[in-house]
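In what follows, a single structure is set out as C-alpha cells and then discussed.
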Amino acid sequence: MHSAVLTVKPLRCLAPIFPSAPDPSAPPSAQYASIPPNGPFPPGATPFFPFFAANGPQRPGQPRPFTIPSPVPLNSYKTPGSAAGNGNIGTSRGASRGRTIVDEDGNSVSDGYDEAGNEFNDKTPVTRRKVRSRSGIPVSDTDVAIDSLAEDMLRAFSVAEIDTSRQANSDKELVDRVLIVFNLLRRKITQIEEKTAVPGVARRPDLRAGTLCMSKSVRANTRKRIGPVPGVEIGDIFFFRMELCLAGVHAPSMAGIDYMGVKVAGEDDSMAVSIVSSGGYEDEGDDGEVLIYSGQGGVQRKDKQFSDQQLVRGNLALEKSLHKANEVRVIRGLKDFASPTGKVYVYDGLYKIHESWVEKGKSGCNIFKYKFVRVAGQAEAFTLWKSIQQWKDGVTSRPGIILPDLTSGAESLPVCLVNDVDDEKGPSYFSYTPSLKYTKAFPSTKPSVVNCNCCTGGCQSNSDCPCVQRNGGQIPYTSLGVLQSHNTLIHECASMCICPVNCRNRISQAGLKMRLEVFKTKDKGWGLRSWDPIRSGSFICEYAGVLISENGIDSEDNYIFDATRTFEPLEAQPSEEPVKFPFPLIISAKNEGNVARFMNHSCSPNVYWQPIIRENQDESYFHVGFFAIKHIPPMQELTFDYGMLLAGKAGPRKKKCLCGSLKCKGVFY
DNA sequence: GCTTGATCACAAAT
DNA sequence: CATTTGTGATCAAG
C-alpha cells in the first residue's frame, strides 16, 4: 500500500532539536538537585521542580536551560490578560500581530508555513475573530488566550514539517499526532473557557479546537478515498465528530453520509465513502454484521416538521453505491457510559450496501433505508463491544477466565484474570493493595499547606479554595477525570480537606473507573487492558506498592517503578517538559501492588504517568498517576515507557523489548 | 438521584 | 455566500 512507503521515514521532531547531542557518558548527576544544562536529559527538559517551593507561581521563576527556540509551556498562560504577552520566547508571536483564530479561508491558511518549515509565515489574513454573536461575550481575554495557546501548540508540534503528500495520504503516526493535538487543544480550551463560563450558554470547545486544527492544517488524510484510511485501524475509537473529520475517516463535521463526486463518461456521478451511524434516525436494528441505516434529510430545520426524504446528496450517493457495490466505511456511534451525554465512535471497518428501500416513518413521511453488510475477514470491532457488554451483564462469561476478581474486592470494580493463550494459571503470588504505602522509613514531606474547609460539595475551579490555588487556580481534571493538560505536579486534596471523596480534585483517590483485566500476553507474560474505552487524558490507576530506596533495588525485582530514571518527552506531546518526578521515588510492587504492576513496557506507549501530591497541613504524600496518552479502544494492551536507567545506577536486569514499535529501543529494565 | 427533552451555539463541504 | 447536515454541553423537567 502506498502509505507503507511514507511510513518508512519516521517524522518527528516534536521537541526542539538539541544544539549539541547530550553526552551519554556524562557523569550521572544528583537527582532533583541540580541538572547541568547539558545533562543527560532529553531535549526540552527542565530541571526538577523544586517541590518545596510548590506554592507560588511556578513557571516564571524557572530557568530555561536551552536557548533554542522552544515552545511556550502549555500551562504558561496564567491570566488571560497576560496570555498574549507571555512570550519572551520568539519574536513573531501571532497574538501581537493580532492574528485571528478562525480564518474565513482555510486554504490560504494551510499554506501558511515558510519553506524552511519552522515558523508560521505572515500571509495569514489578519482579523479579529468576529464578535461572538448574541452570547454577550465580548471578544475577550478568553479569545486572546486561546489564540495564543493555539499558536504555541502548533509551533510546538512542528506541523510545518508535514508535507502535502503526507497530509493527503497519512500514516498512523500523523493521525495519532493530529488527534493528540486536537485533544490537548480542546481540553485546554475547556479549561480557559471555564473561567468565563456563562450559565445557560453552551460552549463548544470541540468545535473550536476542530476549527483551529482544520485552519492550521493539523489534519490527516485530506484526500478523500474509498476503503481503508491509512493510520486508522478497525476498532479505533473517537469521541468527537471533529476527530473523524481530522483523521480523514469521515469528512463532514455533522452529516452522517460522506460521499465523493465522480465523473463517469463525462457524467456527474457520486458514491458514498463513509457513514456515521448515530442512532438518531429512529431505528438501526443490527446484529453486529448488518446495519440498517436511514437516509438523511426530511427534517425541517426550524420548526422540526417532517417531510419526505429526497433522493439527493447523501441518499443518492448511497443508492449509487448500492449499484457500484463499493466498500463504505462504517463508524458506529454508541453511548459512552463514562460520560452522561457523551458518545463514542467506533470505526467498524468496511461494509457494502446490499439493499435499499423506502419506509414510512413515525411521522408518516418517507424515509430511505439501506442495508449495510460487513465485508468478511476483517478484525473484530463492534462485535467485540457487544461481547464485552455481555460479559459485564453476566449474560456470557469471559472465555479463558481464571479469577473473576484478582483484587478480592479491594477495588471498586472487579479486575478479572484471564488466560486464553496457554495454560499458565496466573502470575506469581503478591498481595493486592490499591494505593501506595508510606512507611516510617519514608516519611511524608512537610509542605505546611492550608487544607480546604470551604468545599463541602467538592472543590470548584476559579474559587479561593487553597487546593485549587495550588494548581494555579484551576482543578487539573475535567469532570470526567480527564487531565486537562500536562502538569509538573498535580496538587490533589487530601485527608484533611473537608471536600468529599468524589471531589473533582481527588481523581486518583476515587478508585478504578473502568473495567480492567489482567491477561496473559502472547510473549510478554502478563499484561493489563481495559474492557471499557478510554478517553485520552483519563486517569487509569496509580502505581501502588512499597517505597524503596535506591540501595534497596533487587535486580530480580521486575515490578519496579523508578521515577529517577529519565523519560523521553511523550510522543506527540507539545509540552516541552517530559514527565519528571520532584522526588526520588522508587516503588516496588513485587510483593504488594495493584493493577499497575502488570502494565508492560513499550517504546511507543499509550499510557504515561504524572506525579501527584496529596497535601495536608503537616504532611504530604507523592503518588504516581497513570493517564491515557491517546484514546484507547477496549482490549488494547495498556503500556507505558519504563524510562532509561542512568549508567551506573542500580536496577532490574536488562530485558529484550518486544514492543514491536518502529522506535523500539531494543531493551528495557 | 438519574434519565430524558428542549434549547442553543456552532463547523465543513458544496 | 447560503444551504444542508446534526452535535455536544447545559439545564429544566420527568
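The values are calculated or read from the model by the stated rules, or taken from the named source; none is laboratory data. Nothing here was measured: the structure is a model prediction, and the numbers come from that model. In this analysis, Cβ positions are derived from the backbone assuming ideal geometry, glycine residues included, and neighbour counts consider all displayed protein chains. Each accessible area value is taken on the protein alone, full model and side chains, heavy atoms only, with ligands, DNA and RNA left out. Shrake-Rupley method; radii C 1.70, N 1.55, O 1.52, S 1.80 Å.
Some values worked out for this structure:
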item	result
Leading residue by the ranking (most open to solvent (accessible area, probe 1.4 Å)) among those in segment A:311-366 that are without any contact (Cβ under 8 Å) to a residue 24 or more places away in the chain and within 33 Å of the chain's Cα centre (by Cα)	A:T341
Hits in segment A:461-489 (condition: on the phi > 0 side of the Ramachandran plot and either hydroxyl-bearing (S, T, Y) or open to solvent by 70 Å² or more (accessible area, probe 1.4 Å) (or both))	A:N462
Qualifying residue in segment A:654-667 (condition: under 30 Å from A:G511 (Cβ atoms), open to solvent by 10 Å² or more (accessible area, probe 1.4 Å) and not hydrophobic (A, V, I, L, M, F, W, C))	no
Pair list, Cβ under 9 Å, 6 or more apart: segment A:187-200 residue farther than 11 Å from A:T142 by Cα, other residue within 11 Å of DNA strand C (Cβ to nearest atom) and not aliphatic (A, V, I, L, M)	A:R187/A:P205; A:R187/A:T478; A:K188/A:P205
Residue in segment A:623-633 that is more than 19 Å from the chain's Cα centre (by Cα) and either assigned to a loop (DSSP other than H, G, I, E, B) or surrounded by 18 or more Cβ atoms within 10 Å (Cβ to Cβ) (or both) present	yes
Conditions (1) of a type in the set (A, V, I, L, M, F, W, C); (2) more than 15 Å from DNA strand B (Cβ to nearest atom); (3) more than 29 Å from A:S363 (Cα to Cα); number of the one not met by A:V290	(3)
Residues of segment A:419-446 classified as closer than 17 Å to A:E517 by Cβ and either small (G, A, S) or in a loop (DSSP other than H, G, I, E, B) (or both), total	10
From A:L212, A:L184, A:L149, A:L174, residue being in a helix (DSSP H, G or I), at pLDDT below 80 and not basic (K, R)	A:L149
Those strands (runs of 3 or more DSSP E) lying entirely in segment A:462-545 with at least 3 residues at pLDDT below 90	none
Residues that are under 28 Å from A:A376 (Cα atoms), within 16 Å of DNA strand C (Cβ to nearest atom) and among the acidic types (D, E), drawn from segment A:206-245	A:D236, A:E243
Any chance A:G458 is part of a loop (DSSP other than H, G, I, E, B), open to solvent by less than 80 Å² (accessible area, probe 1.4 Å), at pLDDT 85 or above and of a type outside the set (A, V, I, L, M, F, W, C)	no
Residue list for segment A:293-310, filter: more than 16 Å from DNA strand B (Cβ to nearest atom) and either on the phi < 0 side of the Ramachandran plot or within 31 Å of the chain's Cα centre (by Cα) (or both)	A:Y293, A:S294, A:G295, A:S307, A:D308, A:Q309
Candidate set from segment A:196-211 (those that are more than 8 Å from DNA strand B (Cβ to nearest atom) and buried (at least 16 other Cβ atoms within 10 Å of the Cβ)); member that is nearest to A:G473 (Cα to Cα)	A:T196
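Matching residues to (1) away from DNA strand B (no atom under 12 Å from the Cβ); (2) open to solvent by 50 Å² or more (accessible area, probe 1.4 Å); (3) outside any loop (DSSP other than H, G, I, E, B):
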| position | (1), (2), (3) |
| --- | --- |
| A:V218 | no, no, no |
| A:R223 | no, yes, no |
| A:G227 | yes, no, no |
| A:V232 | yes, no, no |
| A:M242 | no, no, yes |
| A:L246 | no, no, yes |
| A:A251 | no, no, no |
| A:A255 | no, no, no |
| A:G261 | no, yes, yes |
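Residue-by-condition table, conditions (1) free of Cβ contacts under 8 Å to residues at least 40 places away in the same chain; (2) open to solvent by 10 Å² or more (accessible area, probe 1.4 Å); (3) within 22 Å of A:L436 (Cβ to Cβ):
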{"residue": "A:V518", "(1), (2), (3)": "no, no, yes"}
{"residue": "A:R529", "(1), (2), (3)": "no, yes, no"}
{"residue": "A:S555", "(1), (2), (3)": "no, yes, no"}
{"residue": "A:L570", "(1), (2), (3)": "no, yes, no"}
{"residue": "A:P582", "(1), (2), (3)": "no, no, yes"}
{"residue": "A:K590", "(1), (2), (3)": "no, yes, yes"}
{"residue": "A:V607", "(1), (2), (3)": "no, no, yes"}
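Residues checked against (1) part of a helix (DSSP H, G or I); (2) open to solvent by less than 60 Å² (accessible area, probe 1.4 Å); (3) modelled with pLDDT of 95 or more:
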| residue | (1), (2), (3) |
| --- | --- |
| A:W385 | yes, yes, no |
| A:K392 | yes, no, no |
| A:L406 | no, yes, yes |
| A:P414 | no, yes, yes |
| A:L417 | no, yes, yes |
| A:S448 | no, no, no |
| A:C452 | no, yes, no |
